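Q: To start, I am sharing the structure in question, which I have written as structure tokens.
The values are calculated or read from the model by the stated rules, or taken from the named source; none is laboratory data. This structure is a prediction, so every number in the text was calculated from the model and none was measured. So basically every Cβ, Gly included, is an ideal-geometry build from the backbone, and we count neighbours across all protein chains shown. To get the accessible areas, we keep the full protein, side chains included, count just its heavy atoms, and leave off ligands, DNA and RNA. Shrake-Rupley method; radii C 1.70, N 1.55, O 1.52, S 1.80 Å.
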Amino acid sequence: MELIDSDREKSLHPTHIRGEPENIAFAGHEKMGLDDTTQPDPARLSKIYRKLDFRIIPALWCLYFLTSAIRSNVGLALTMNASEHDTLIEYLGLTSHDTSLGLALYYVGYVVFDVPFNLIMTRIAPHAWISRVVTTIGIVGACMSAMKAAWSFIFLRLLLGIMTAGLWPGMAYYLTLWYPPHRCAQRIGFYFTAAQISAAVVGLVSAGFQYMNMDKGLTGFAWMFLIYGLATIVVGVALLWWLPDRPNLGQGPRVGLRRLIPEQRPVLDEEDFKLHFADMKATYVAHAWTLKDIVKVLLDVRLYPLVLMYFGVVGTGIGLQNFATVIIKSINSNWSSVDLSLLTAPIWICDLIGILIVTPLSDRFHNHRAIFFSGPSLIIIAGLIVTTYAPTHWSRYAGLLITGLGLGPTVPICMTWTAEIFQPRHGEVGTAVATAVVSGLGNLGSVATTYALYSGWPADVKRGYRNSNMVMLAMVGNSILFAAMCSLLRRALGDPMTREQQWAQQHNVQQNREEEEENAAQQTDEMYF
């Protein structure tokens with residue numbers, strides 16, 4: 001076994017130990033009575049994971065609620081206080097090109113920085129990095145209340161995307177440190193509901209912000225940006241105490257930058273800790289990775305069908321999120337700006353219902369992820385068709401509710417499937433890189449829908465955004481095809497053994513070899529005598 005710096009062994013976090021799978025040892029392993037061969041009781045394990053749920057999931061839910069609000073409230077700002085001509089578009093003098101450019105640039109920053117920012121989380125305390133991300137999102141969100149011109153909108157949206165990079169894949173990566181992949185989809189679904197509830201709440205609350213228009217000289221949308229930004233900053237700082245660090249066997253004296261991170265009480269007591277260790281041995285060791293490991297992940301052929309799956313569903317979801325009020329306005333131009341804000345909420349309630357129904361089933365039958373992804377995708381397609389071609393206003397609006405119902409489970413399932421495929425083959429760096437690549441490159445679908453569709457496609461306005469809807473339908477159809485391809489590739493290539501299975505196999509091989517040698521020696525002795 002080799003330490004990164006043997007002279008400082010006592011002061012290093014034990015997760016900095018590195019070595020080959022067959023000779024990994026843990027500082028304090030024997031002292032704490034931990035046994036690699038321990039088989040945890042399933043009922044007791046479920047209680048342990050529920051205990052972790054109460055500590056981890058509410059924190060992730062709250063941070064995602066607020067960061068989603070800051071990301072999506074710009075869509076509502078496009079139509080807020082329309083009767084006073086104080087919408088975001090009119091107040092800043094935005095052209096349709098400015099609007100689509102600002103919305104799209106958010107995802108450009110996200111795409112560029114997703115992978116490097118997620119890799120940083122593997123090197124430092126992940127909860128501290130998540131805290132940094134959330135706090136800076138809040139700062140930029142609050143600054144959006146001071147926008148006075150088109151350039152400030154475009155610049156701050158780009159900056160917001162850069163600050164947000166790594167958050168969504170980072171949350172998925174963080175979850176795999178505490179939970180095995182087959183337990184992740186439901187939990188990702190739980191905190192992903194924050195985005196849906198956030199969209200619903202922001203839609204409802206924005207009606208109230210419109211009555212604050214020009215109080216203290218701020219527009220209604222400026223008040224919205226400011227209040228959500230400040231709340232996000234508070235939560236971001238609180239995460240340093242709220243979210244636990246990565247699992248470990250107890251850390252030594254605090255050195256370097258770790259002195260700036262507040263001390264935390266252990267999440268699990270000693271007995272629960274031992275059982276969790278037995279179930280999640282690999283996450284207790286942060287294996288050193290190199291550029292070669294990253295290249296291996298990027299060359300894995302199963303990565304890119306996942307990217308294209310994500311491209312379609314996340315592009316459709318973001319398109320609907322940013323342009324929901326615009327689409328609803330095209331259905332009935334007589335609905336007021338307050339009506340538009342209120343009518344967005346039911347879409348995301350349906351989205352929430354879809355998550356709560358499908359993601360638990362996806363975890364229970366995790367060998368059939370493609371089916372649980374494709375079924376909701378077909379519901380999205382049905383909803384888009386109804387929204388585009390239904391004969392009445394309310395039936396077309398019902399199509400948006402159907403679309404929301406299908407959208408909910410698709411993104412959590414895609415991210416869970418990514419971790420489930422790449423963690424066994426590539427370890428911790430595989431999870432970090434793969435989730436970041438899927439989220440980053442997949443969000444090019446968001447660039448497509450925000451830049452090229454709806455406001456970015458002026459000729460489609462007269463058609464009631466019919467062509468924009470159909471482009472999103474085609475994107476979701478492609479996602480279904482690539483889900484089938486991913487499933488076929490997984491079956492063709494097979495799932496590699498986890499590190500625990502490799503260790504067990506090596507142990508069994510060694511044990512069988514020793515038994516064979518002993519039997520051979522015994523037979524020789526019997527023949528001799």
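Q: Counting only residues 5 or more places away or on other chains, whose amide H sits under 5 Å from the amide H of ARG246 once H atoms are built in the peptide plane?
A: Correct list: HIS127.
Q: Can I ask one more? How much of the pair distance distribution for segment 127-211 lies past 22 Å, counting alpha-carbon pairs only, in percent?
A: On the way: 1548 of 3570 pairs.
Pairs farther apart than 22 Å: 43 percent.
Q: Right, next: Any chance you could look up the accessible area of ASP269 with a 1.4 Å probe, heavy atoms only, rounded to 10 Å²?
A: Ignoring ligands and nucleic acids, ASP269 comes out at about 80 Å².
Q: So what are the ³J(HN,Hα) numbers for segment 351-356, from phi and the Karplus equation (6.51, -1.76, 1.60; θ = phi - 60°), rounded to whole Hz, Gly and Pro as x?
A: Once θ is set to phi - 60°, the couplings for segment 351-356 become 4, 4, 4, x, 4, 5 Hz.
Q: Contact order normalised by length for segment 109-244, with contacts defined as Cα pairs under 8 Å and 6 or more residues apart; what percent is it?
A: Working: 136 pairs, mean separation 60.9, N = 136.
Normalised by residue count, the contact order of segment 109-244 is 45 percent.
Q: I'd like the Karplus ³J(HN,Hα) series for segment 291-307: coefficients 6.51, -1.76, 1.60, θ = phi - 60°, whole numbers in Hz, and an x wherever there's a Gly or Pro.
A: Residue by residue, segment 291-307 yields 4, 4, 5, 5, 4, 4, 5, 5, 8, 5, 5, 7, 5, 7, x, 5, 4 Hz.
Q: Keeping all protein chains in place and using 1.4 angstrom, which order do PHE221, PHE155 fall into by accessible surface area, from largest down?
A: Numbers: PHE221 5, PHE155 110 Å².
These residues rank, largest area first, as PHE155, PHE221.
Q: Could you pull out the pairs from LYS51/LYS274; LYS148/LYS462; LYS148/LYS329 whose alpha carbons sit more than 19 Å apart here? Mind showing how you got there, number by number?
A: Values: LYS51/LYS274 14 Å; LYS148/LYS462 30 Å; LYS148/LYS329 26 Å.
Among LYS51/LYS274; LYS148/LYS462; LYS148/LYS329, the Cα-Cα distance tops 19 Å for LYS148/LYS462; LYS148/LYS329.
Q: Quick check: at a probe of 1.4 Å, how many percent of the accessible area of segment 53-184 sits on carbon and sulfur atoms? Before the final figure, lay out each step's value.
A: Details: 2840 of 3790 Å².
That fraction is 75 percent.
Q: Here's a follow-up. Roughly how many percent of the accessible protein surface of segment 298-360 is carbon and sulfur, given a 1.4 Å probe and a whole-percent answer?
A: Carbon and sulfur together cover 74 percent of it.
Q: Same structure, new question: Please work out the average accessible area per residue across segment 47-165, using the 1.4 Å probe convention, and give it in Å². Numbers along the way, then the final one.
A: Details: 3890 Å² over 119 residues.
It amounts to 33 Å² per residue over segment 47-165.
Q: How would segment 84-187 be classified by its alpha-carbon gyration tensor: rounded, prolate or oblate, with rounded meaning a/c under 1.5 and the a/b versus b/c comparison settling the rest? Spell out each step's value before the answer.
A: Values: a/c = 2.67, a/b = 2.47, b/c = 1.08.
It comes out prolate by the Cα gyration axes.
Q: With a 1.4 Å probe and all protein chains kept in place, how much accessible area does LEU488 have, in Å² rounded to the nearest 10?
A: Spelled out: LEU488, probe radius 1.4 Å, area about 120 Å².
Q: May I ask for the net charge around THR431, where only other residues with Cβ less than 11 Å from the Cβ of THR431 are counted and Lys, Arg are +1 while Asp, Glu are -1? Each step should come with its number before you reach the end.
A: Numbers: positive: ARG425; negative: GLU420, GLU428.
Summing Lys and Arg as +1 and Asp and Glu as -1 gives -1.
Q: Then there is this: Taking the highest mean first, how do the peptides 420-433, 43-56, 122-135 order by number of other beta carbon atoms within 10 angstrom per residue?
A: On the way: 420-433: 24.2, 43-56: 14.9, 122-135: 20.6.
Peptide ranking by packing, descending: 420-433, 122-135, 43-56.
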